[in-house]
Amino acid sequence: MNNLVLINIDKIISGDLEKGILAGDTIVVRDGLISEIGFENDVDKSGIDVVVDVDGQCVAPGFIDAHVHNTLDDYAPQRKAVGCYADALYGGTTTMISEGEQGPGWPRFYDDAIGCKAAAIMAKRVFDRFRPGGALKMHGGALVLVNGLTEQDFKEMSEAGVWIIAEIGGGGLSDPKDVAPMLEWAKKYNFFYSIHLAPPSIPGSSWVTSEAILELKPHKVAHTNGGSTAVEYVHIQRLIDESDVPLELVVNGNFVNFNKILRGLNEKGQLNRVLFGSDAPTGQASLSGAINRAIVKASSLNDLSAADCIAMATGNTADIYGLNTGKIEVGREADLQVIDKPPGGCGNNVLDSIEHGDPFGNSMVIVDGRIIAFRGKDSRPTARYCKVNGIDAYVTGITEHLFFPPQVARHYEG
């Protein structure tokens with residue numbers, strides 16, 4: 001099951017900075033994994049009943065949002081929003097990574113070691129079994145560091161599947177003398193940990209200096225351009241010059257620093273260090289299309305190719321976190337989206353429109369080789385649409401487009 005073929009593709013956007021656009025017009029998916037990429041006459045389509053004709057649109061990997069603050073279900077209490085992660089899925093974000101679950105009364109806000117440990121295990125277990133929107137891959141269970149945690153706690157959490165430390169500085173402990181011993185345990189048990197770079201912005205958050213970041217050597221700097229208030233650029237410049245740590249950019253952080261970081265890393269040939277996050281749903285960052293906007297902003301304002309900026313939102317993040325998605329490559333999970341320029345958009349395809357600054361949309365979202373939806377709720381319309389086994393598959397009217405994107409009919413599953 002979860003077998004399909006995508007044909008008549010204009011450009012296959014690899015999600016890999018090194019590979020760019022792949023040769024071919026066809027992608028074959030078997031058992032939820034990408035099995036072949038090439039030209040239609042050269043690939044093996046035997047035994048596959050679901051054929052998606054993308055009508056000259058482009059295909060890209062599903063986007064990865066590297067920074068969310070989720071709860072245990074598809075609800076954002078700050079915004080009182082239900083279904084926010086599903087909305088992002090229908091807009092093309094197929095994977096999200098927690099930077100620390102939160103909600104009213106959560107242990108993270110009360111220096112509660114037992115509660116934080118339990119919350120991390122609980123969130124990990126919930127999202128092992130629950131996919132918002134029926135398909136979104138949420139890597140939940142990010143541990144907030146608080147007083148009282150022990151090495152045994154890290155061992156037990158690791159054995160329970162927890163592998164992420166929530167952004168240091170976003171709540172809980174942040175002083176290097178407090179967190180350094182815990183990070184030694186984190187390394188021992190193969191946890192991924194990030195440190196944020198921003199002034200204190202909400203109660204409980206704290207300032208972490210560039211010097212501390214260089215000392216603690218995180219796997220990622222969270223919202224390097226501010227969450228949402230930025231630090232003076234001298235701190236960022238030091239991280240660019242004195243380390244190779246990946247630098248996450250959030251679309252609603254400081255706009256000037258967002259662009260300066262991209263230009264600085266581009267000059268050094270280090271765009272592989274860039275990944276995107278939303279910091280949703282707090283503050284200004286409750287956007288289902290946050291990653292889409294980050295791509296357009298990065299490309300159109302900094303003279304960067306759209307394919308490279310899509311790679312920052314996909315393959316770069318997958319490489320940094322060690323995920324088997326985010327690239328169109330044989331053996332990867334088939335998390336894909338068909339994307340196109342908007343009606344009347346500039347150029348011949350979606351890449352031209354992105355570089356011009358136009359918002360773009362998708363006409364289909366696929367996760368693990370299964371068609372999930374046609375065009376996200378209130379996302380941009382696309383100039384073209386797909387056909388599934390010769391049947392038109394698209395939103396037909398304004399009510400569907402704004403409020404009820406159609407989901408998959410059973411006969412589309414292969």
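General observations
- Cross-link pairs K11/K217; K124/K188; K137/K297 - those with Cα-Cα distance over 29 Å: K11/K217
- Kyte-Doolittle at least -0.5, axis length at least 15 Å by Cα - qualifying DSSP helices, the chain: 113-129, 255-267, 290-302
- Exposed loop sites, defined as GluC sites (Glu not before Pro) outside DSSP H, G, I, E and B with at most 12 other Cβ atoms within 10 Å, are absent from the longest region of the chain, namely 19-231.
- Taking the centroid of alpha carbons for each part, the range 345-397 and the range 208-278 are 31 Å apart.
- For the chain, averaging the sequence separation of C-alpha pairs within contact (under 8 Å, six or more residues apart) and dividing by the residue count gives a relative contact order of 20 percent.
- F403 versus D178: modelled label distance in nm, points set 7 Å from Cα along the beta carbon direction: 4.8 nm
- Calculated from the structure at hand, mean projected area of the Cα convex hull in nm² is found among (i) 19.5; (ii) 18.6; (iii) 25.9 as (ii).
- Normalised contact order of the range 269-407, rounded percent, pairs of Cα under 8 Å and 6 or more residues apart: 17 percent
- Inter-label distance for I391 and E156, nm, one decimal - labels placed 7 Å from Cα along Cα-to-Cβ: 5.2 nm
- With the charge dipole of the range 95-215 set up from +1 on Lys and Arg Cβ and -1 on Asp and Glu Cβ about the Cα centre, the Cα lying farthest toward the positive end among the listed residues A180, I195, M138 is that of M138.
- Label-point separation, L214 to D244 (7 Å along Cα→Cβ), nm: 1.7 nm
- Cut-off under 5 Å, modelled amide H: who pairs with F276 long-range: A66, L249
- Loop-resident trypsin sites (Lys or Arg not before Pro) (DSSP state other than H, G, I, E or B) in the range 263-351 with no more than 14 further Cβ atoms inside 10 Å of their Cβ: K268.
- A simple count of charges around C346, restricted to other residues whose Cβ falls under 9 Å of its Cβ and scoring Lys, Arg +1 and Asp, Glu -1, yields -2.
- For the pair A118 and D31, the difference between a 0.36 nm per residue extended length and the Cα-Cα distance amounts to 27.9 nm.
Where a number appears in this text, it was derived from the coordinates with a stated rule and is not lab data. No experiment lies behind these values; they were computed from the predicted model shown. In this analysis, Cβ positions are derived from the backbone assuming ideal geometry, glycine residues included, and neighbour counts consider all displayed protein chains.
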